[in-house]
Amino acid sequence: MPAALSEYRRAHSLVAEVKGPARHKPCDFCGKFADDWAYNHADPREIYRDGYLWSENTSYYFPLCRKHHRAYDRTFRTKGREALTAFAEKMRRENQRLPEEISVMRAMCDALWRSREIGLGNIEPGV
Ligand SMILES: [Zn+2]
């Protein structure tokens with residue numbers, strides 16, 4: 001495995017360690033369960049090596065479903081960083097959820113977070 005790939009993967013698993021698994025979050029664009037932590041391409045100190053681009057800073061990652069992660073990265077490759085903000089806004093607008101759906105999703109994500117934290121011994125059950 002090239003060194004860049006293992007560093008790229010390590011940066012992504014660090015995000016999951018710090019923020020929890022992406023599967024426990026709603027996709028930032030459509031509100032369905034996310035699959036990945038996506039790099040938002042906004043870190044001024046991002047690293048680009050051997051064809052891999054990543055950030056070491058976990059605050060530059062946000063949860064996306066696979067479909068929207070692909071679309072986001074495709075927009076970056078074809079139209080560049082400048083196009084990403086408008087693309088993200090368009091995706092959020094086009095995939096808007098009803099307030100009831102959002103609150104159900106929040107409750108499900110909170111339950112997932114809670115059971116993971118209990119499993120890790122970070123919080124007590126029933127608190
Ligand atoms: Zn999505």
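Is region 63-108 rounded, prolate or oblate when judged by the Cα gyration tensor, a ≥ b ≥ c being the square roots of its eigenvalues, rounded requiring a/c under 1.5 and prolate requiring a/b larger than b/c?
prolate
Around Asn95, with a cut-off of 12 angstrom between Cβ atoms, what is the net charge of the other residues, counting Lys and Arg +1 and Asp and Glu -1?
Net charge around Asn95: +2.
How many Lys pairs in the chain lie less than 22 angstrom apart by Cα atoms, where the lysines are 8 or more positions apart or on different chains?
Lysine pairs meeting the criterion: 9.
Each value in this text was obtained by applying a stated rule to the coordinates, not by laboratory testing. These numbers were taken from a predicted model, which means no experiment stands behind them. No Cβ is skipped: glycine too gets one built from the backbone with ideal geometry, and neighbour counts run over all protein chains shown.
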